[in-house]
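The values are calculated or read from the model by the stated rules, or taken from the named source; none is laboratory data. Keep in mind the model is a prediction, meaning the values are calculated, not measured. So basically every Cβ, Gly included, is an ideal-geometry build from the backbone, and we count neighbours across all protein chains shown.
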Amino acid sequence: MAERPDLDYWLPILERELTGRRIAAVRVKKPVVLRLALPGSPAELLVGRGFGRVFRRGHFAVFELAGPEEHRPARSDGGEAGAPVDLVDLVIAPMLAGRFALHAAAERAPADLAVAFALDDGRELRYRDDVQMGKVYVVAHGEWRQVPGLEAIGVDVLDPSAFTLERFRALARARRDQAKVFLMDRSALDAMGNAYADEALFAAGVHPKTWIKSLGDEELARLHRAISDVLARAAAEIARRKPPLEEKLRDFLSVRGKNRQPCPRCGTPIRTAGVHGHDAFFCPSCQPETRRSAIVSWDKLGAARSGDGAGGASAGGGAGEAGGVGRVKAPGARRRRR
């Protein structure tokens, strides 16, 4: 998913390139991603409008659009265009696979193009999404309650004056969910998704399934520090490498996407587990599981397999490893039930 370091890199570029430009046409290739909270078609609502501020709010990209009456096209049904809306917000939630691109409008569009906004300078702002999980909203300016998840935004984790250790501890103590679920709750913390939640938990040595309220003061202090450090380092690395807008850099991460690869800290193979509908990547040695559950203890399983000649768990393979979760049945259990 597009996460804070991605958006913090993309959006200043888009603001610099788009400010003062007007929308000349709108192309909708994947209608399922589009949500209109105002009456009219995309062209009626957007053509002729000029780009103003471009900024991040949570995991959303917000484009402020202004347009005087003379720039509003006639309605497609021949009726009057109606009263103008001075400002509208184009709000895009890139989600899992969404990304932006700026290209010449005449350039061939990729297959994953969802919505394109032709500009008055011959270029096109393209929103690409090959899995169509992202959403493009058009709402009246500031009407953020019409966009799910946009109105309630948590504490800014990169603002030292807001994201204090005391504030973080208070938030954590009030929760009854797992550590990864808590970190990804945008109404609590602004803002982390799958990738950087995994990275922060790894840096702090916390298993993703640990109940967040069970962590002690020292563990919470470690996690608090890891959240800020991981996001700041990621933002600095992306800014240093200056990738194209379409590219999401993830190759510098420690555990995310590294299933079965050696942990950069201890060499134990990275594992995955399902956490409340999300996948989590973690090191079973550096992030030991601390609660009773159906999760296999990979280090104990590895030792047991090594002892009976079956090979360590780190060798991979076997149905019990799917998703990093498995169940061990005692040999002959079925015969005993008979």
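Being of a type in the set (A, V, I, L, M) and modelled with pLDDT of 95 or more is true of residue 32. Just one of (1) at pLDDT 95 or above; (2) of a type outside the set (S, T, N, Q); (3) outside the structural domain of residue 224 (by TED's automatic domain parsing) fails for residue 142. It is (1). Once the range 250-279 is narrowed to residues that are touching an Asp or Glu at 6+ places or on another chain (Cβ under 7 Å) and in a loop (DSSP other than H, G, I, E, B), the residue that is surrounded by the most Cβ atoms within 10 Å (Cβ to Cβ) is 255. Only one of the numbered conditions (1) in contact with a helix residue (DSSP H, G or I) (Cβ under 9 Å, 6 or more places away or on another chain); (2) at pLDDT below 90; (3) of a type in the set (A, V, I, L, M); (4) in a loop (DSSP other than H, G, I, E, B) is not met by residue 294, and that is (1).
Each row is one residue, and each column tells you yes or no for (1) aliphatic (A, V, I, L, M); (2) under 17 Å from the mean Cα position of the chain (by Cα).
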| position | (1), (2) |
| --- | --- |
| 153 | yes, yes |
| 173 | no, no |
| 178 | no, no |
| 193 | no, yes |
| 204 | yes, no |
| 232 | yes, yes |
| 240 | no, no |
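If you check 162, 114 for being assigned to a loop (DSSP other than H, G, I, E, B), over 21 Å from residue 205 (Cα atoms), of a type in the set (A, V, I, L, M, F, W, C) and at pLDDT 95 or above, only one passes: 162. Within the range 183-199, being within 15 Å of residue 152 (Cα to Cα) and among the aromatic types (Phe, Trp, Tyr) holds for no residue.
Answer with yes or no whether residue 181 is in a strand (DSSP E or B) and surrounded by 16 or more Cβ atoms within 10 Å (Cβ to Cβ). It is false that residue 181 is in a strand (DSSP E or B) and surrounded by 16 or more Cβ atoms within 10 Å (Cβ to Cβ).
When the range 1-28 is examined, which residues are found to be in a helix (DSSP H, G or I) and under 23 Å from the mean Cα position of the chain (by Cα)? Break it down stepwise before answering.
First, pick out the residues of the range 1-28 that are in a helix (DSSP H, G or I): 4-18.
Those that are in a helix (DSSP H, G or I) and under 23 Å from the mean Cα position of the chain (by Cα): 4, 5, 6, 7, 8, 9, 10, 11, 12, 13, 14, 15.
Checking 63, 168 one by one, the residue that is of a type outside the set (D, E, K, R), assigned by TED's automatic domain parsing to the domain that holds residue 223, in contact with a helix residue (DSSP H, G or I) (Cβ under 9 Å, 6 or more places away or on another chain) and at pLDDT 95 or above is 168 and no other. Within the range 187-229, which residues are buried (at least 18 other Cβ atoms within 10 Å of the Cβ) and of a type in the set (D, E, K, R)? Those that are buried (at least 18 other Cβ atoms within 10 Å of the Cβ) and of a type in the set (D, E, K, R): 190, 198, 199, 209, 219.
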